[in-house]
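One structure is given below, encoded as structure tokens.
The values are calculated or read from the model by the stated rules, or taken from the named source; none is laboratory data. Note that the structure is predicted; figures quoted are calculated from it, not measured. With ideal geometry, Cβ positions are generated from the backbone for all residues, glycine too; neighbour counts draw on all protein chains shown.
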Amino acid sequence: MSVVGTPKSAEQIQHDWDHNPRWKGITRTYTPHDVVALQGHVVEEHTLARRGAEVLWEQLHEMDFVNALGALTGNMAVQQVR
């Protein structure tokens, strides 16, 4: 984890909510100004997690099938090999 960047402004948050397909159909009971008032001064950047989430999001919207989880236990791995 690295600590980089600056907190988002209310305008940036509103633009993201309006134009990012991830938020389509979401109803909020709060405003971007409420989010800005509650966010901290330090932005934590989880680079690998963010990149993994971006790749998964792209695959979910571009591919017919995405094998996202695979085997969760040893027994599941044995069953998949059979």
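Key figures for this structure:
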| item | result |
| --- | --- |
| Odd one out for Glu62 among (1) exposed (fewer than 10 other Cβ atoms within 10 Å of the Cβ); (2) in contact with a strand residue (DSSP E or B) (Cβ under 7 Å, 6 or more places away or on another chain) | (2) |
| Qualifying residue in the stretch 71-78 (condition: surrounded by 10 or more Cβ atoms within 10 Å (Cβ to Cβ), assigned to a loop (DSSP other than H, G, I, E, B), hydrophobic (A, V, I, L, M, F, W, C) and touching a strand residue (DSSP E or B) at 6+ places or on another chain (Cβ under 7 Å)) | no |
| Hits in the stretch 44-70 (condition: among the polar types (S, T, N, Q), assigned to a helix (DSSP H, G or I) and modelled with pLDDT under 90) | Thr47 |
| Positions within the stretch 8-41 being loosely packed, with under 11 Cβ neighbours inside 10 Å and β-branched (Val, Ile, Thr), in sequence order | Ile26, Thr27, Thr29 |
| Qualifying residue in the stretch 10-19 (condition: part of a helix (DSSP H, G or I), among the small types (Gly, Ala, Ser) and touching a Ser or Thr at 6+ places or on another chain (Cβ under 9 Å)) | yes |
| Long-range neighbours under 9 Å by Cβ, at least six apart or interchain, first residue under 12 Å from Arg22 (Cβ atoms) within the stretch 48-60, second assigned to a helix (DSSP H, G or I) | Trp57/Arg22 |
